[in-house]
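Heads up, the thing below is written out as structure tokens.
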Amino acid sequence: MISAIICNVKCFNQFFPMAKGKCFSIVSLLIFHTVLSERFHVHVPDDATTVTVGDDVVLDCQLVPNISLNNLEIRWFTLDSASPVHLYTSGQDRPDVQDKAYRGRTELFKDEFPRGNASLKLKKIKTSDEGSYTCFIDSKTYNDEAVLNLKVEAFGHRPWIHLEENNKDGLRIVCKSDGWYPEPAIRWEDGNGQDVTAQSEWEFLKDSRGLITVQSHIDVRSSVNRFSCLMEHPLLRKRREAHVQISDEFFPKINIWLVIFWVFAGLVIMAIAADILVHRKEYRKIRELQLFCTLEGCDEVEIDYVSVILDVETANPQLEVSEDLKSLRRTRTERSRPETEKRFTHSSSVLGSEGFTSGRHYWEVEVGGNQWWSLGVARESVERKNWVRLNPETGFWTIERFWDQFYINSSPRIPLHVSQIPGKVGIYLNYESGTVSFYNPDTKSRLHTFTGNKFTEKLYPRFGTRDGNNWLRICSSSDWIREMGGATGWCHHR
């Protein structure tokens, strides 16, 4: 448009030279108006969009002001803009570059393009479709994007109950239901309406469609003969339930010698507990050793409690690093940093300043309320300029949190079941044995271990986040010194 205006003005000046100065002012105003008119904003809903498995959903995206989209580029993507969910450019869709998982399942509303409607219809929803979607619009001279969150749900079937014998002179009530997403909350109640969930056990299994089958059981050894199994969907706040009434004939008579045995055992347990309270300091030392003994046994190789600091030269331009080089978060504004071979320009990553070629090393990261992070180690030679999957084959050993889901970044990526959302994550590297382990320091429990690796080059602590509201903070060495004085060996945020 601008080039056409300039061309017409040149012709006008040839025939009307006296108007040359005025024409120049007119051209300037037209160009300024054209540039301003090309600026726009992409708007999506603030609240998450929720859809049921198997249904279709519309991901709303609107251009403000209502500029026609016919000659603009519309790119919908999740984590990787180079592998889009849907791409419209040069006046046509581009299914040849579309992510295979979405082919044949997406559609734009082209009759709404004149009104700036860039919404995407996503068909036959799967559980794997859950996550964040970016609506990116480019006019060649200006672009903007916005992110919306898609939550997928499936309300499971009514539970069914059956009875089994257990090996402890009692009955086992088994409650099972399938077709859930995400995992439902499980509650058991006895005939008096009392919560007895603490006495039960349960497991979650995923089928080929990603839907969850729940199986829970509770052992019955008393005269209580009525139980209810309740399963509640965490998003819909709706529940399924089943009930069972057990005949008194199923309960064995009380064995007086068994009662005496358990009374004696209870007294022994109380004596042990009292001894532990008296010798609390020694008990804390034992608990400190358990973390590593359960992983690979005790030996005399010293563990290096690393005081990690971040290497800003490796940080993606959209990552904000604190002045003390201990914290990071993601912002939408790119920072002006000199381009180096060390810098990650596609992956939202930053490395620690110190690498390792031998020994055993441990550090902790406070994740707090951050809902989109990935942590672990990376080889020195990893790809830093182009997109790659973060798995051991490409030199990354990491786990991540993606909203309410946790994953092991292997090939393929595996869901990680976390009983309690960690406030801190501990990373342990044993270079010689080829293991990388992750811990929840709050519960002193292991989350996952990569084994069977043969490391041949330098490894660096690796950090990544796409959460712009909450920081990731690396625990400092001073925290370690204070905690070691308390004989726990765990980093604690002051």
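The values are calculated or read from the model by the stated rules, or taken from the named source; none is laboratory data. For clarity, every value in this text was computed on a predicted model and none was experimentally measured. Virtual Cβ from ideal backbone geometry, glycine too; neighbours counted across all protein chains shown. Remember, those area values only see protein heavy atoms, side chains included, never the ligands or the DNA or RNA. Shrake-Rupley method; radii C 1.70, N 1.55, O 1.52, S 1.80 Å.
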Selected residue (criterion: nearest to residue 318 (Cα to Cα)) from residues of region 362-388 that are part of a strand (DSSP E or B) and open to solvent by 20 Å² or more (accessible area, probe 1.4 Å): 372
So residue 144 clears everything in (1) in contact with a Pro (Cβ under 7 Å, 6 or more places away or on another chain); (2) in contact (Cβ under 8 Å) with a residue 12 or more places away in the chain except one condition, right? Which one? (1)
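Can you find, within region 387-415, the residue that is farthest from residue 454 (Cα to Cα) among those that are over 17 Å from the mean Cα position of the chain (by Cα) and in contact (Cβ under 8 Å) with a residue 60 or more places away in the chain?
387
So how many residues does region 99-154 have that are aromatic (Phe, Trp, Tyr), open to solvent by 40 Å² or more (accessible area, probe 1.4 Å) and under 16 Å from residue 57 (Cβ atoms)? Can you show your working first?
Our first condition is that a residue be aromatic (Phe, Trp, Tyr); within region 99-154, this holds for 102, 109, 113, 133, 136, 142.
So of that shortlist, the ones also open to solvent by 40 Å² or more (accessible area, probe 1.4 Å) come out as 109, 142.
Now drop any that are not under 16 Å from residue 57 (Cβ atoms), which leaves 109.
The total comes to 1.
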Filter region 256-310 for residues that are part of a loop (DSSP other than H, G, I, E, B) and open to solvent by 90 Å² or more (accessible area, probe 1.4 Å); which is modelled with the highest pLDDT? 302
Report yes if residue 56 is open to solvent by 50 Å² or more (accessible area, probe 1.4 Å), in contact with a strand residue (DSSP E or B) (Cβ under 7 Å, 6 or more places away or on another chain) and under 26 Å from residue 183 (Cβ atoms), otherwise no. yes
So, in region 155-184, how many residues would count as being farther than 17 Å from residue 199 by Cβ and open to solvent by 30 Å² or more (accessible area, probe 1.4 Å)? 9
Identify the single condition in (1) in contact (Cβ under 8 Å) with a residue 12 or more places away in the chain; (2) open to solvent by 40 Å² or more (accessible area, probe 1.4 Å); (3) out of contact with any helix residue (DSSP H, G or I) (no Cβ under 7 Å at 6 or more places or on another chain) that residue 467 does not satisfy, given that it satisfies every other one. (2)
When you scan region 142-160, do you find a residue that is of a type in the set (Phe, Trp, Tyr) and either assigned to a strand (DSSP E or B) or over 30 Å from residue 79 (Cβ atoms) (or both), even just one? yes
Filtered residues of region 389-412 (kept if open to solvent by 20 Å² or more (accessible area, probe 1.4 Å) and in a loop (DSSP other than H, G, I, E, B)): 389, 390, 403, 404, 410, 411, 412
What is the one condition in (1) closer than 26 Å to residue 78 by Cα; (2) open to solvent by 20 Å² or more (accessible area, probe 1.4 Å) that residue 341 does not satisfy? (1)
Residues that are part of a strand (DSSP E or B) and either open to solvent by 70 Å² or more (accessible area, probe 1.4 Å) or without any contact (Cβ under 8 Å) to a residue 24 or more places away in the chain (or both), drawn from region 416-462: 440, 446
From 347, 374, 322, 353, grab the single residue that is modelled with pLDDT of 95 or more and more than 18 Å from residue 436 (Cα to Cα). 353
Residue selected from region 242-253 under the condition open to solvent by less than 60 Å² (accessible area, probe 1.4 Å), out of contact with any Pro (no Cβ under 6 Å at 6 or more places or on another chain) and closer than 30 Å to residue 183 by Cα, by the criterion modelled with the lowest pLDDT: 246
In region 79-97, anything over 15 Å from residue 133 (Cβ atoms), hydrophobic (A, V, I, L, M, F, W, C) and assigned to a loop (DSSP other than H, G, I, E, B) is listed as 82
Being under 26 Å from the mean Cα position of the chain (by Cα) and part of a strand (DSSP E or B) is the requirement here; does residue 180 meet it? yes
